[in-house]
Amino acid sequence: MRPVIHGVMLLKAPAVVQQKVLSESRKIKGVVDAFSVFGRYDVVVLIEAENFDELRRIAKQVNAIKGIKSTETLPEAE
């Protein structure tokens, strides 16, 4: 079994684009789940990667989705 690094992305996105953000993020390899939430953020994206470089690559792909206003990525602490 390969080691896995987990990451959580917190996204701010207007309500009109949230479904698009969810569906697009779920298509990205390494994204294991994505869902809407209530609170300061609108969407949470859960990531699993083999290393921090891959986690960064996946986070960049999520960040590139049109309509996202801001993100915060929380990588797993070793």
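Of all residues in region 1-15, which are farther than 14 Å from Pro75 by Cα, in contact (Cβ under 8 Å) with a residue 12 or more places away in the chain and hydrophobic (A, V, I, L, M, F, W, C)? Within region 1-15, Leu11, Ala13, Ala15 qualify. If you go through region 45-67 and keep only what is touching a Ser or Thr at 6+ places or on another chain (Cβ under 9 Å) and either closer than 13 Å to Glu24 by Cβ or buried (at least 16 other Cβ atoms within 10 Å of the Cβ) (or both), you end up with Val45, Ile47, Leu55, Ala59, Gln61, Val62, Asn63, Ile65. Just the residues that are among the β-branched types (Val, Ile, Thr) and either free of Cβ contacts under 8 Å to residues at least 40 places away in the same chain or assigned to a loop (DSSP other than H, G, I, E, B) (or both), please, taken from region 23-69. Across region 23-69, the qualifying residues are Ile28, Val31, Val32, Val37, Val43, Val44, Val45, Ile65, Ile68.
Yes/no matrix, rows are residues, columns are (1) of a type in the set (Lys, Arg); (2) closer than 13 Å to Val21 by Cα:
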{"position": "Val43", "(1), (2)": "no, yes"}
{"position": "Leu46", "(1), (2)": "no, no"}
{"position": "Asn51", "(1), (2)": "no, no"}
{"position": "Arg56", "(1), (2)": "yes, no"}
{"position": "Lys60", "(1), (2)": "yes, no"}
{"position": "Lys66", "(1), (2)": "yes, yes"}
{"position": "Thr71", "(1), (2)": "no, yes"}
{"position": "Leu74", "(1), (2)": "no, no"}
{"position": "Ala77", "(1), (2)": "no, no"}
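Selection over region 31-43 of residues that are surrounded by fewer than 18 Cβ atoms within 10 Å (Cβ to Cβ) and of a type outside the set (Phe, Trp, Tyr) gives a count of 6.
Values in this text are rule-based calculations from the coordinates and carry no lab data. None of the values given here were measured: they were computed from a predicted structure. Virtual Cβ from ideal backbone geometry, glycine too; neighbours counted across all protein chains shown.
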